[in-house]
């Protein structure tokens, strides 16, 4: 998010990849779910195994950038471009040293069922992170958590 905001302040035009989808995962979500899982695991050691962690839902990098810029504008942050100066870009037109998957969505149902949690949707987490980063309580990421 910080990189996109910096680029939005510095550039008058910005092309964003639109054919790769996933769910950006805030560090606070990872920390909170890890702590909760550890606490549950201490009384239920049979819960070992591999679990996927990501917000529910998905979006493209383009949709992610647009949401960041929309929230920035709502918060009064100045950006150097208008929405029509944010063209969509195909992965093939944006070469990088690292190959990126076109679909990096993960199912979190096993994690939610095992640890009795419900993880929020990606757009809600973006909004929560963008609007109140210094006062946000990580536990708000997870609904119905039993601590």
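Just so you know, all these numbers are worked out from the coordinates, no wet-lab data involved. In this text the structure is predicted, and so the values were computed from the model without any measurement. With ideal geometry, Cβ positions are generated from the backbone for all residues, glycine too; neighbour counts draw on all protein chains shown.
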Problem set entry | Evaluation of residue 38 against (1) in a helix (DSSP H, G or I); (2) more than 20 Å from the chain's Cα centre (by Cα); (3) closer than 18 Å to residue 127 by Cα (one fails), failing number | (3)
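Residues checked against (1) exposed (fewer than 13 other Cβ atoms within 10 Å of the Cβ); (2) touching a residue at least 24 places away in the same chain (Cβ under 8 Å); (3) touching a strand residue (DSSP E or B) at 6+ places or on another chain (Cβ under 8 Å):
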residue	(1), (2), (3)
25	no, yes, no
30	no, no, no
38	yes, no, no
41	no, no, no
Seminar exercise, completed: Of 88, 28, 6, 42, the only residue that is in contact with a helix residue (DSSP H, G or I) (Cβ under 9 Å, 6 or more places away or on another chain) and over 20 Å from residue 119 (Cα atoms) is 88
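Out of the residues in segment 9-23 meeting the condition of being part of a loop (DSSP other than H, G, I, E, B) and touching a helix residue (DSSP H, G or I) at 6+ places or on another chain (Cβ under 6 Å), tell me which one is surrounded by the fewest Cβ atoms within 10 Å (Cβ to Cβ).
For segment 9-23, the residue satisfying everything is 13.
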Exercise. What residue, among those in segment 56-84 that are in contact with a strand residue (DSSP E or B) (Cβ under 6 Å, 6 or more places away or on another chain) and in contact (Cβ under 8 Å) with a residue 60 or more places away in the chain, is nearest to residue 103 (Cα to Cα)?
Worked result: 58
For this session: Filter segment 85-108 for residues that are outside any loop (DSSP other than H, G, I, E, B), in contact with a strand residue (DSSP E or B) (Cβ under 9 Å, 6 or more places away or on another chain) and over 18 Å from residue 4 (Cβ atoms) and give the result.
Result: 93, 103
Problem set entry | Residue that is farthest from residue 46 (Cα to Cα) [pool: residues in segment 113-124 that are surrounded by fewer than 19 Cβ atoms within 10 Å (Cβ to Cβ) and more than 11 Å from the chain's Cα centre (by Cα)] | 118
